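The structure under discussion appears below in the form of structure tokens.
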Amino acid sequence: VCRVKRRSRRDLLVGIAASIAAVAVVTAVIALVKQWVPVLSLGVLYVFAVLPIAVVWGLWLALPVSIASMLAFNWFFLPPVHTFTLANSENWFALAVYLATAVVVSELAARARRRAAAAEQREHESSLLAELATELLRGRELGDELGEIGTRTAGVLGVDNAQIELGAQRRPPPGTSPHLLEAADRTVGTIYVPAGSDPNVAARHRFLPALAALLAVAVDRDRLEREALEAEALRRSDLVKTALLRAVSHDLRSPLTGIRTAVGALRNPTLHLSNEDRLELLETIDLDSDRLSRLVGDLLDLSRLEAGGAAPEAEVWSLDDLVREAIDALDARDRVELAGEAPLVNVDATQIQRVLANLIENALKFSPPDARVHVRITATRKEAIVRVVDQGPGLAENELERVFEPFYRRGSDTRSGAGLGLAIARGFAAANGGRVWAESRPGQGATFALALPVVEVPAELQA
Amino acid sequence: MTGQRVLVVDDEPQILRALRATLRGAGYTVESAETAQGALTAAAAHPPEAVILDLVLPDGNGTDVCRELRSWSDAPVIVLSAVGEEKEKIAALDAGADDYVTKPFSVDELLARLRAVLRRLAPESGPVIEVGDLEIDVAERLVTRAGERIKLTPHEFDLLRVLAQNRGKLLTHRMLLREVWGPAYGDEAHYLHVYVSHLRSKIEADPSKPRIVLTEPGAGYRLVDPESS
């Protein structure tokens with residue numbers, strides 16, 4: 001508040017000083033020139049004092065300057081000098097003409113100045129609006145721009161600072177006064193300017209509605225963009241859910257159908273089953289129940305992993321031991337060849353064996369029946385890597401990541417597994433600080449790799 | 001013992017194995033195939049008297065097999081469908097499949113359907129068809145119950161006639177619309193629902209509990225003998 005008043009007072013003082021100086025300078029010039037030119041015709045020179053004052057400070061100061069000029073002219077140059085009386089009545093007339101000229105000229109100058117200022121203000125406003133429109137329409141996030149827009153709006157309104165808030169108006173921050181930003185039918189937000197400051201009224205009426213309309217467009221655009229994103233996310237998650245449901249229902253139903261058919265046949269008294277058929281039906285029940293229970297186990301693991309509930313119980317193990325146990329669990333010792341180093345890792349043995357078993361099982365599944373799967377362990381100072389190399393058809397570039405998606409099935413693989421093994425392997429590996437990835441060139445077999453951080457062997461144990 | 005030959009097509013080895021044993025136990029001679037191509041080859045080598053066909057096969061779908069089979073064989077086809085495969089199921093029925101069971105099905109249900117499709121090899125073509133106490137005179141376009149005349153509109157009569165001529169068989173909405181309203185129709189299932197409800201109100205003892213014209217939800221209608229159901 002005080003600052004604004006102080007500034008206008010300072011403005012006034014500077015104006016008065018400038019006026020005195022201007023009148024003094026013109027008076028001095030006339031004193032200098034009057035020996036060559038009739039003094040009466042020199043009164044017009046005071047216009048040069050009045051005009052700049054009118055242009056810079058306006059009519060309110062130019063008028064006193066005009067009168068002061070005439071008084072000075074009278075006092076210093078018109079006989080009898082050093083009095084305010086005039087000997088010659090013609091001089092009164094001249095003085096009056098000079099005064100009128102000065103007043104008219106200063107009014108014209110002041111008006112021109114006001115127009116120029118208003119034009120400049122409007123140009124300022126419209127160029128700001130144009131810039132804002134360009135930036136907002138270019139897709140800049142509105143929230144990031146509000147500070148900048150506030151600062152620049154303050155410039156247009158002629159206040160020290162301004163802060164814009166979107167949405168419904170709340171209690172203004174202390175020391176500010178609010179102006180609503182209203183566009184068409186709604187309040188877009190509020191602009192807060194320092195309390196007691198006096199925003200340029202015309203600018204406020206002209207600029208704020210335009211700014212509000214612009215902000216309204218940007219707000220709407222942001223909202224639509226957000227809604228489109230949300231809709232897209234929903235649509236995608238719906239797709240995933242549908243695929244998931246379909247896959248689960250298929251994978252649950254197939255073994256169920258096998259079991260139900262076999263049980264139905266065994267219990268049906270009208271059927272004449274040979275012993276051989278009876279055994280076949282029992283085996284179907286056996287295999288399909290197995291498949292069901294594995295699937296349910298996989299689903300549980302996956303949901304635990306996704307819920308972050310698979311906390312590993314880490315211990316130090318030699319990685320080759322874990323690989324060997326995984327191979328044994330699959331009963332695949334004669335189809336898998338193990339070679340390489342024996343780094344120590346700090347992991348949950350059950351989980352990492354599961355990872356390894358899933359990778360090896362997957363490799364076996366995609367290898368020709370008589371081909372061997374090679375498992376190699378390498379170690380650097382930081383990482384131990386197990387590579388499981390199969391001799392199957394390999395993976396296309398675009399499959400390298402997709403094979404780890406739950407329920408993804410490679411190629412025409414319709415019957416084996418639900419497509420959960422690799423997803424689970426990746427989940428357990430990550431839970432143990434490791435990672436799993438695929439490498440392949442089509443036609444050369446696929447390699448699935450598991451990397452785990454190595455345990456530093458304490459120096460006293462390295463002997 | 002060589003019973004009627006049934007071709008079973010499914011890519012799930014355990015289901016195939018259970019079905020083979022079951023059908024052998026029921027006295028059928030069983031052929032099996034795991035792929036669409038295998039099914040057509042097997043059907044050509046040993047023409048079956050009925051086909052049990054899974055809708056989803058690794059090298060194609062059951063609908064295509066059905067259509068191909070229909071072009072040279074009259075053997076009835078029962079489709080094995082699953083929840084979520086309704087569209088495929090209807091497509092297979094439209095392509096000429098005779099009936100369906102939904103996985104996981106009961107053995108009794110499957111065997112009953114199989115017996116039914118084997119029994120009904122040709123549509124009934126006599127001038128008068130009897131359904132319970134209904135008499136449908138195809139030539140005179142008259143329907144009587146216990147000697148008493150029932151008045152039907154021409155569309156209602158044709159609907160009843162088509163259903164009765166295919167007694168026991170599931171007719172899809174599309175088939176019924178084409179047969180009764182003509183080949184330009186096929187997607188106006190709501191017409192059909194309205195006409196069926198009119199027909200039921202005239203021929204069923206209790207139209208709210210139909211025993212002659214049965215609804216197969218989402219698939220079509222089937223006319224059965226009220227005594228046998």
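The values are calculated or read from the model by the stated rules, or taken from the named source; none is laboratory data. Values in this document were obtained by computation on a predicted structure and should not be read as measured data. Cβ atoms come from the backbone with ideal geometry, glycine included; neighbour counts cover every protein chain shown. The accessibility values were calculated without ligands, DNA or RNA, using every heavy atom of the protein model including side chains. Shrake-Rupley method; radii C 1.70, N 1.55, O 1.52, S 1.80 Å.
Would you list the strands (runs of 3 or more DSSP E) that sit entirely within the stretch B:1-70 and hold 3 or more residues that are closer than 22 Å to residue A:254 by Cβ and more than 13 Å from chain A (Cβ to nearest Cβ)?
Details: elements: B:5-9, B:29-33, B:50-54.
Answer list for the stretch B:1-70: B:5-9.
Taking residue A:425 and the conditions (1) touching a Ser or Thr at 6+ places or on another chain (Cβ under 9 Å); (2) under 30 Å from residue B:59 (Cα atoms); (3) buried (at least 21 other Cβ atoms within 10 Å of the Cβ), which numbered condition does it fall short on, given that it satisfies the others?
(1) is the only condition that residue A:425 fails.
Select from the stretch A:266-280 the residues that are in a helix (DSSP H, G or I) and out of contact with any Lys or Arg (no Cβ under 8 Å at 6 or more places or on another chain) and write down the one among them that is farthest from the other protein chains (Cβ to nearest Cβ). Even if it seems obvious, please write down each step before you answer.
Of the stretch A:266-280, the ones in a helix (DSSP H, G or I) are A:266-267, A:275-280.
Within this subset, residues satisfying the condition of being out of contact with any Lys or Arg (no Cβ under 8 Å at 6 or more places or on another chain) are A:267, A:275-276, A:278-279.
Values: A:267: 8, A:275: 11, A:276: 8, A:278: 8, A:279: 9 Å.
Looking at residues that are in a helix (DSSP H, G or I) and out of contact with any Lys or Arg (no Cβ under 8 Å at 6 or more places or on another chain), I get A:275.
Could you figure out which of (1) of a type outside the set (Asp, Glu); (2) open to solvent by less than 30 Å² (accessible area, probe 1.4 Å); (3) in contact with a Lys or Arg (Cβ under 9 Å, 6 or more places away or on another chain); (4) modelled with pLDDT of 90 or more isn't true of residue A:394?
(4)
Which one of the conditions (1) more than 22 Å from residue B:94 (Cα to Cα); (2) at pLDDT 90 or above; (3) hydrophobic (A, V, I, L, M, F, W, C) does residue B:163 fail to meet, given that it meets all the rest?
Every condition holds for residue B:163 apart from (1).
Of all residues in the stretch A:132-180, which are within 17 Å of the chain's Cα centre (by Cα), surrounded by 12 or more Cβ atoms within 10 Å (Cβ to Cβ) and in a loop (DSSP other than H, G, I, E, B)?
Selection gives A:140 alone.
What are the residue pairs meeting all of these: first residue in the stretch A:354-368, first residue under 15 Å from residue A:328 (Cβ atoms), second residue at pLDDT below 90 and open to solvent by 40 Å² or more (accessible area, probe 1.4 Å), Cβ atoms under 8 Å, and 6 or more apart or on different chains?
Sorted first by the residue in the stretch A:354-368, then by its partner, the pairs are A:357/A:329; A:357/A:330; A:360/A:330; A:361/A:330; A:364/A:330.
If residue B:229 satisfies every condition in (1) in contact with a strand residue (DSSP E or B) (Cβ under 9 Å, 6 or more places away or on another chain); (2) at pLDDT 90 or above; (3) surrounded by fewer than 16 Cβ atoms within 10 Å (Cβ to Cβ) but one, which is the exception?
Status for residue B:229: all satisfied but (2).
Just to check your reading of the model, which residue among A:254, A:237, A:197 is surrounded by 19 or more Cβ atoms within 10 Å (Cβ to Cβ), under 53 Å from the mean Cα position of the chain (by Cα), of a type outside the set (A, V, I, L, M) and modelled with pLDDT under 90? Give the derivation first.
On the way: A:237 fails: surrounded by 19 or more Cβ atoms within 10 Å (Cβ to Cβ); A:197 fails: surrounded by 19 or more Cβ atoms within 10 Å (Cβ to Cβ).
Result of the check over A:254, A:237, A:197: A:254.
Counting only residues that are more than 15 Å from residue B:118 (Cα to Cα), open to solvent by less than 30 Å² (accessible area, probe 1.4 Å) and free of Cβ contacts under 8 Å to residues at least 60 places away in the same chain, how many does the stretch B:20-34 have? Before the answer, list the steps.
Applying the first criterion (more than 15 Å from residue B:118 (Cα to Cα)) to the stretch B:20-34 yields B:20-22, B:24-25, B:31-34.
Then drop every residue that is not open to solvent by less than 30 Å² (accessible area, probe 1.4 Å), which leaves B:21-22, B:25, B:33.
This time we only want the ones that are free of Cβ contacts under 8 Å to residues at least 60 places away in the same chain, so: B:21, B:25, B:33.
Total meeting the criteria: 3.
Having 1 or more residues that are surrounded by fewer than 19 Cβ atoms within 10 Å (Cβ to Cβ) and aromatic (Phe, Trp, Tyr) is the bar; report the helices (runs of 4 or more DSSP H) wholly within the stretch B:125-215 that clear it. Give the steps one after another, and end with the answer.
Details: elements: B:154-165, B:173-181, B:189-203.
Once the helices (runs of 4 or more DSSP H) in the stretch B:125-215 are filtered for at least 1 residues that are surrounded by fewer than 19 Cβ atoms within 10 Å (Cβ to Cβ) and aromatic (Phe, Trp, Tyr), what remains is B:173-181, B:189-203.
Look at the stretch A:299-339 and say how many of its residues are among the charged types (D, E, K, R) and exposed (fewer than 14 other Cβ atoms within 10 Å of the Cβ).
Just the residues of the stretch A:299-339 that are among the charged types (D, E, K, R), to begin with: A:301, A:304, A:306, A:313, A:315, A:320-321, A:324-325, A:328, A:331, A:333-335, A:337.
Applying the additional criterion that residues be exposed (fewer than 14 other Cβ atoms within 10 Å of the Cβ) yields A:306, A:313, A:315, A:321, A:328, A:331, A:333-334, A:337.
Qualifying residue count, the stretch A:299-339: 9.
Go through the stretch B:110-122 and count every residue that is within 14 Å of chain A (Cβ to nearest Cβ), open to solvent by 40 Å² or more (accessible area, probe 1.4 Å) and not basic (Lys, Arg). Quick ask: steps written out before the conclusion?
Of all residues in the stretch B:110-122, those within 14 Å of chain A (Cβ to nearest Cβ) come to B:110-115.
Add one more test, that the residue is open to solvent by 40 Å² or more (accessible area, probe 1.4 Å), and what stays is B:112-113, B:115.
Next, only the ones that are not basic (Lys, Arg) stay: B:112.
Of the residues in that region, 1 qualify.
With under 30 Å from residue A:203 (Cβ atoms), open to solvent by 30 Å² or more (accessible area, probe 1.4 Å) and at pLDDT below 85 as the only criterion, which of A:63, A:59 stands out?
On the way: A:63 fails: at pLDDT below 85.
One residue alone meets the criteria, A:59.
Restricting the search to the stretch A:351-382, which residues are touching a helix residue (DSSP H, G or I) at 6+ places or on another chain (Cβ under 8 Å) and either within 12 Å of residue A:337 (Cβ to Cβ) or open to solvent by less than 10 Å² (accessible area, probe 1.4 Å) (or both)?
Passing the criteria: A:352, A:355, A:356, A:359, A:360, A:373, A:375, A:377.
For the list (1) away from chain A (no Cβ under 14 Å); (2) touching a helix residue (DSSP H, G or I) at 6+ places or on another chain (Cβ under 6 Å), I need the number of the one condition that residue B:107 fails.
Going through the list (1) away from chain A (no Cβ under 14 Å); (2) touching a helix residue (DSSP H, G or I) at 6+ places or on another chain (Cβ under 6 Å), residue B:107 breaks only (1).
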